[in-house]
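Below you'll find the structure, written out as structure tokens, and then a few comments.
The values are calculated or read from the model by the stated rules, or taken from the named source; none is laboratory data. Just so it is clear, the structure is predicted and the values come from calculations on it, not from any experiment. FYI the Cβ positions are ideal-geometry reconstructions off the backbone, even for glycines, and counts take in every protein chain you see. These accessible areas exclude ligands, DNA and RNA; they are computed on the full protein's heavy atoms, side chains included. Shrake-Rupley method; radii C 1.70, N 1.55, O 1.52, S 1.80 Å.
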Amino acid sequence: MTTVSMTVNGKQVSADIAPNTLLVQFIRENLRLTGTHVGCDTSQCGACTVHVDGDSVKACTMLAVQAEGADVTTIEGLAQNGELHPMQAAFKENHGLQCGFCTPGMIMSAVDLVKRNPNPSEETIRTELEGNICRCTGYHNIVKSVKAAAENMGG
Amino acid sequence: MSVENGIGASVRRKEDQRFITGNGHYLDDMNKVGQAYGYFLRSPHAFAKIKSIDLSAAKAAPGVVDIFTGADMVADGIGGLICGWGITSKDGSPHNAPPHNSMAVDAVRHVGDQVAFVIAESLEQAKNASELIEVDYDVQTPVTNIAKALAPGAPQIHEEAPGNLCYDWELGDKAAVDAAFANAAHVSKIDLVNNRLSPNPMEPRAALGEYDMGSGDLTLYTTSQNPHVARLIMSAFLGIAPENKLRVVAPDVGGGFGSKIFVYAEETTTIWAARKINRPVKWTADRSEAFLTDAHGRDHVTHAELAMDNDGKILAFRVSTQANMGAYLSTFASAVPTYLYGTLLSGQYKIPSIYVEVQAGFTNTTPVDAYRGAGRPEATYVVERMMETAARDLGMDPTEFRLKNFIQPDAYPYETPVIMTYDSGDYPLAMNMAKDMIDYSGFAARKAQSEANGKIRGIGTAAYIEACGIAPSAAVGSLGAGVGLWESAEVRFNPTGSVTVFTGSHSHGQGHETTFAQIIADKLGVPIESVEVVHGDTSKVPFGMGTYGSRSLAVGGSAIVKAVDKIVEKSKKIAAHLMEASVEDIEHDHGVFSVAGTDKQMTMGEIAFAAYVPHNYPADLEPGMAENAFYDPLNFTFPAGTHIAEVEIDPSTGIVDIVDWAAVDDFGNVINPMIVEGQVHGGVAQGVGQALLEGVIYDEESGQLLTGSYMDYCMPRADDLPNFRVATTNTPCPSNPLGVKGCGEAGAIAAPAALMNAIVNALGKDINMPATPEKVWRAINNN
Ligand code: FES
Ligand code: FES
């Protein structure tokens with residue numbers, strides 16, 4: 001057992017965990033923040049994407065102890081004061097989700113994408129989202145959502 | 001009067017709020033106090049006899065609560081998994097359905113077959129303990145390929161299925177077909193492989209079982225598309241618990257595509273084990289287990305021949321298919337290559353006679369069952385690859401050849417030679433619209449331009465038909481189904497005028513919470529925010545058959561309409577009483593009840609309140625405002641349409657670029673166009689996946705699964721797909737009250753044929769799916 005401390009969605013958290021605990025396990029099992037999903041076991045699907053110190057990270061590829069002292073944001077921390085983040089709102093407005101399982105990871109990746117590319121082309125969006133698998137939407141409306149969000153975010 | 005958020009409006013989805021904020025409740029998000037964790041030890045061999053299993057070291061491992069094997073379940077009187085559709089072979093014999101225990105008893109028959117269930121305080125402890133189980137295997141030679149499994153001398157997988165044959169089935173008039181071929185001016189032939197796929201909903205399967213020792217009640221939370229069917233099978237055939245003592249709950253489910261219809265070994269074992277240890281037990285598949293155990297789809301090998309006269313009119317169609325069932329017969333597996341396949345081989349065409357024969361057999365692979373489209377994509381692939389090949393053989397434009405042979409819009413009801421009665425449609429309209437959308441006539445110029453750029457361009461069409469709205473109970477019963485395929489609904493007003501709709505359908509991405517609420521908003525004038533749709537819990541909703549086969553709106557929606565009709569009927573009586581008029585004079589319009597010829601009116605909300613506070617109320621009427629209904633469809637529905645794909649291939653790499661896609665679908669009336677478009681996008685994406693990227697591959701010698709992760713099984717990603725151009729034609733379905741046909745599977749049905757036809761058109765030669773860059777490059781370079 002080892003102690004790990006970090007900030008998650010603005011709150012200071014700390015727990016005793018096995019050293020091999022993945023960040024995604026820590027988030028889901030210790031913190032019970034179940035919006036971050038697990039869709040694979042080879043770091044391919046992106047369902048587990050969160051932000052660590054502002055960058056998107058697949059939380060299944062990182063040990064919780066590697067996030068010691070970090071500032072972590074999960075899907076639950078994206079909306080502020082009851083206001084949806086523009087990316088969340090765009091996914092709803094443009095039907096960017098169906099079953100919703102990939103959606104938290106997709107939104108977290110998309111937020112990071114727009115941060116780095118404020119005015120992304122369709123091609124950039126498609127390339128950038130290569131690490132997030134959605135089986136439901138065919139991506140058409142996800143691309144549309146990201147584009148719309150980027151515009152609303154003032155890109 | 002029109003209604004806000006009613007039928008036909010692209011209402012934004014009610015369910016999205018919880019999903020976009022991370023507040024969905026998928027199965028693995030749930031935990032119970034005192035829960036233990038289950039882990040399956042699985043067979044590393046494709047085929048082996050089990051000589052012995054030694055659990056002693058594993059049972060002594062830290063944290064282990066208990067370990068069970070197949071023998072324990074058998075000793076407890078638990079039955080095997082069943083197949084719910086009986087197919088009769090040509091010779092009149094019933095299909096062979098060998099025993100299928102939840103965990104192996106004397107042999108394992110595919111890599112990943114369940115051997116033992118280890119339950120421990122933590123998942124890690126369960127995994128660690130599983131490594132201490134000693135299984136003595138007598139390894140046998142496996143067979144994974146269907147043609148080889150059905151050939152003489154193949155390894156015998158089940159004693160009960162000689163020659164590995166499940167059934168040898170036929171449909172149609174063989175003599176008439178033979179005669180037509182004997183006199184035909186032209187005959188075209190084609191050989192096709194429909195590649196095996198892994199459905200891959202993004203949420204892996206999971207189960208959480210709970211036992212209440214006091215009441216004897218069992219609750220299974222599970223990733224199911226049809227919780228009541230799961231309960232029925234687990235009660236009636238496995239003997240887990242009587243139906244009244246077993247509750248099955250399917251909460252938010254992260255995609256299904258067919259793979260979560262079936263009753264699986266893991267869910268069954270989990271709920272059984274929860275009672276054994278008297279503690280909640282949770283099992284969640286990881287992706288590797290999903291690849292090994294989620295029922296696969298497709299896996300057909302087909303030879304087809306088309307007979308034509310001198311004018312290019314079709315005379316007869318002959319199809320012979322071998323279908324791989326995998327190691328065991330899954331829940332509805334037998335129906336997929338027969339009644340969901342052979343019956344669709346008339347496509348959109350007037351074909352005087354058709355004959356199809358299907359041999360289904362067992363192999364040492366994961367069981368195969370329904371996957372998005374289930375039989376109908378396989379049928380469309382055969383029909384539409386055949387049509388394009390025939391047109392090319394005749395030197396005709398493939399769309400002209402189709403238009404010449406289409407069933408005409410005035411021909412309904414149209415009876416096909418393969419026992420379907422098409423009820424409505426306009427096939428030429430959809431095809432001509434799709435051709436316009438993609439500028440079909442401009443293709444030659446675009447091809448020349450591509451050629452000038454050193455690229456190869458191709459265009460391909462698929463005019464598909466599917467039978468949805470599954471299904472009239474009497475019809476499917478006569479064909480061997482063990483269940484009826486009606487649907488249930490209850491519409492329950494609350495005293496304050498809000499509504500709860502209970503449906504036997506199940507949503508796992510389809511957006512029922514919105515679409516069904518739109519029906520209530522439209523019919524009863526209740527604001528959509530005041531309508532709650534409840535599904536997926538056998539203790540809450542009336543017995544229902546669940547969601548698959550694009551049936552939810554056509555069958556489940558119709559059940560809701562029937563319940564609404566009863567609500568309206570009762571409300572008219574209350575309104576008549578309160579407004580002192582006769583019932584015949586009450587008119588109803590979107591939730592407003594008025595007395596004809598007067599300005600007296602009452603709203604649905606006022607009437608519902610009066611029904612719950614019946615101080616002034618008709619003497620002969622029961623209080624309350626809740627009605628339920630069961631709807632058994634009169635016929636299948638027949639969504640149909642044309643998809644045209646245009647591709648550009650880089651001959652130096654073999655990479656296929658989809659440059660355009662036009663989809664015109666006839667889904668009948670549309671409740672929510674936004675959701676329907678989304679279903680088409682998703683379906684096409686899965687079809688593109690099949691045609692270009694996906695394929696389950698086994699090593700033929702060892703029977704090992706070579707495509708067991710996202711590193712090896714190529715899922716379509718954002719940069720593999722184009723934007724799609726989507727339109728609908730809307731010929732209302734005459735057999736159900738909403739006039740709807742179903743839209744969930746169309747894309748997956750149309751896309752593989754359209755895309756492969758485009759690639760074959762570009763290459764000038766046949767290749768099989770998936771058309772990977774390597775395969776395409778080899779075809780171009782004759783390598
Ligand atoms: S769960 Fe992390 S990438 Fe799939
Ligand atoms: S919405 Fe279901 S996987 Fe993306």
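I need the full set of residues from segment B:455-469 which are in a loop (DSSP other than H, G, I, E, B) and touching a Ser or Thr at 6+ places or on another chain (Cβ under 8 Å), in order please. Of everything in segment B:455-469, those that are in a loop (DSSP other than H, G, I, E, B) and touching a Ser or Thr at 6+ places or on another chain (Cβ under 8 Å) turn out to be B:E466, B:A467, B:G469.
Of all residues in segment A:29-55, those that are farther than 22 Å from A:I17 by Cα and open to solvent by 20 Å² or more (accessible area, probe 1.4 Å) have Cβ atoms under 9 Å from Cβ atoms of residues that are among the β-branched types (V, I, T) and more than 7 Å from ligand 1 (Cβ to nearest atom), 6 or more apart or on another chain, in A:Q44/A:I133; A:G54/A:T73.
Residues being surrounded by 24 or more Cβ atoms within 10 Å (Cβ to Cβ), farther than 30 Å from B:R402 by Cβ and within 16 Å of ligand 2 (Cβ to nearest atom) are represented in segment B:291-313 by at least one member.
Just for segment B:703-715: of the residues that are among the hydrophobic types (A, V, I, L, M, F, W, C) and without any contact (Cβ under 8 Å) to a residue 24 or more places away in the chain, which one is farthest from the other protein chains (Cβ to nearest Cβ)? Break it down stepwise before answering.
Step one: of segment B:703-715, the residues among the hydrophobic types (A, V, I, L, M, F, W, C) are B:705-706, B:711, B:714-715.
Retained after the next criterion (residues that are without any contact (Cβ under 8 Å) to a residue 24 or more places away in the chain): B:706, B:711.
Details: B:L706: 15, B:M711: 5 Å.
Across segment B:703-715, the extreme among qualifying residues is B:L706.
The residues in segment A:34-46 that are away from ligand 2 (no atom under 16 Å from the Cβ) and either more than 7 Å from chain B (Cβ to nearest Cβ) or charged (D, E, K, R) (or both) can be counted, and the count is 2. On inspection, B:A753 fails the criterion of being crowded, with 24+ Cβ neighbours inside 10 Å and over 21 Å from the mean Cα position of the chain (by Cα).
Of the residues making up segment B:508-527, those that are among the polar types (S, T, N, Q) and open to solvent by 10 Å² or more (accessible area, probe 1.4 Å) are B:Q510, B:T515. Filtered by the rule that a residue be surrounded by fewer than 24 Cβ atoms within 10 Å (Cβ to Cβ) and assigned to a loop (DSSP other than H, G, I, E, B), segment B:241-256 gives B:A241, B:P242, B:P251.
Residues being farther than 22 Å from B:N145 by Cα, within 16 Å of ligand 1 (Cβ to nearest atom) and in a helix (DSSP H, G or I): count how many of those fall in segment B:275-308. Step through it out loud before you land on a result.
Within segment B:275-308, the first condition is being farther than 22 Å from B:N145 by Cα, and the residues that meet it are B:275-287, B:305-308.
Going one step further and asking which of them are within 16 Å of ligand 1 (Cβ to nearest atom), we end up with B:284-287.
Subset that is in a helix (DSSP H, G or I): B:287.
Counting residues in segment B:275-308 that are farther than 22 Å from B:N145 by Cα, within 16 Å of ligand 1 (Cβ to nearest atom) and in a helix (DSSP H, G or I) gives 1.
Screening B:Y39 on (1) hydroxyl-bearing (S, T, Y); (2) surrounded by fewer than 17 Cβ atoms within 10 Å (Cβ to Cβ); (3) touching a Leu at 6+ places or on another chain (Cβ under 8 Å) shows it passes everything except condition (2). Filtered by the rule that a residue be free of Cβ contacts under 8 Å to residues at least 60 places away in the same chain and either open to solvent by 10 Å² or more (accessible area, probe 1.4 Å) or more than 10 Å from chain B (Cβ to nearest Cβ) (or both), segment A:72-89 gives A:L78, A:A79, A:Q80, A:N81, A:G82, A:E83, A:L84, A:H85.
Kindly establish whether B:Y371 is part of a loop (DSSP other than H, G, I, E, B), in contact (Cβ under 8 Å) with a residue 40 or more places away in the chain and hydroxyl-bearing (S, T, Y).
On the way: part of a loop (DSSP other than H, G, I, E, B): yes; in contact (Cβ under 8 Å) with a residue 40 or more places away in the chain: yes; hydroxyl-bearing (S, T, Y): yes.
Answer is yes for this residue.
With respect to the stated conditions, A:D16 is away from ligand 2 (no atom under 16 Å from the Cβ), touching a strand residue (DSSP E or B) at 6+ places or on another chain (Cβ under 8 Å) and either facing chain B (nearest Cβ under 10 Å) or not aliphatic (A, V, I, L, M) (or both). For A:T137, the test of being within 26 Å of B:F257 (Cα to Cα), open to solvent by less than 10 Å² (accessible area, probe 1.4 Å), within 7 Å of chain B (Cβ to nearest Cβ) and within 16 Å of ligand 1 (Cβ to nearest atom) is failed.
In segment B:321-329 there is no residue that is touching an Asp or Glu at 6+ places or on another chain (Cβ under 8 Å), modelled with pLDDT of 95 or more, open to solvent by 10 Å² or more (accessible area, probe 1.4 Å) and of a type outside the set (D, E, K, R). Could you list, in sequence order, the residues of segment A:97-119 that are at the interface with another protein chain (Cβ under 7 Å from one of its Cβ atoms), touching a Pro at 6+ places or on another chain (Cβ under 9 Å) and of a type outside the set (F, W, Y)? Hit for segment A:97-119 is A:C99, nothing else. Within segment A:56-71, the set of residues being away from ligand 1 (no atom under 15 Å from the Cβ) and open to solvent by less than 10 Å² (accessible area, probe 1.4 Å) comprises just one member, A:A70.
Out of all the residues in segment B:680-706, which are assigned to a loop (DSSP other than H, G, I, E, B) and open to solvent by 10 Å² or more (accessible area, probe 1.4 Å)? Give the derivation first.
The first filter runs over segment B:680-706 and keeps only residues assigned to a loop (DSSP other than H, G, I, E, B), leaving B:694-697, B:699-704, B:706.
Answer for segment B:680-706, where residues must be assigned to a loop (DSSP other than H, G, I, E, B) and open to solvent by 10 Å² or more (accessible area, probe 1.4 Å): B:G695, B:V696, B:I697, B:D699, B:E700, B:E701, B:S702, B:Q704, B:L706.
Look at (1) open to solvent by 10 Å² or more (accessible area, probe 1.4 Å); (2) among the hydrophobic types (A, V, I, L, M, F, W, C); (3) free of Cβ contacts under 8 Å to residues at least 12 places away in the same chain and you find that B:A718 fails only one, number (1). Of all the numbered requirements in (1) open to solvent by 20 Å² or more (accessible area, probe 1.4 Å); (2) touching a residue at least 60 places away in the same chain (Cβ under 8 Å); (3) not in a strand (DSSP E or B), B:V726 misses one, and that requirement is (3).
So which of A:N81, A:N94 is at pLDDT below 95 and either within 16 Å of ligand 1 (Cβ to nearest atom) or over 23 Å from B:T223 (Cβ atoms) (or both)? Even if it seems obvious, please write down each step before you answer.
Working: A:N94 fails: at pLDDT below 95.
When all the criteria are applied, what remains is A:N81.
Screening A:L33 against (1) assigned to a loop (DSSP other than H, G, I, E, B); (2) within 14 Å of ligand 1 (Cβ to nearest atom); (3) within 14 Å of the chain's Cα centre (by Cα) leaves a single unmet condition, (2). Within segment B:6-36, being more than 13 Å from chain A (Cβ to nearest Cβ) and buried (at least 21 other Cβ atoms within 10 Å of the Cβ) holds for one residue alone: B:A36.
Checked against the criterion of being in contact with a Cys (Cβ under 7 Å, 6 or more places away or on another chain) and either away from ligand 2 (no atom under 16 Å from the Cβ) or within 14 Å of chain A (Cβ to nearest Cβ) (or both), the candidates B:R287, B:R275, B:R318, B:R279 yield just one match: B:R287.
Which one of B:L132, B:L123 is farther than 20 Å from B:K276 by Cα and modelled with pLDDT of 95 or more?
Values: B:L123 fails: farther than 20 Å from B:K276 by Cα.
Going through B:L132, B:L123 in turn, the sole match is B:L132.
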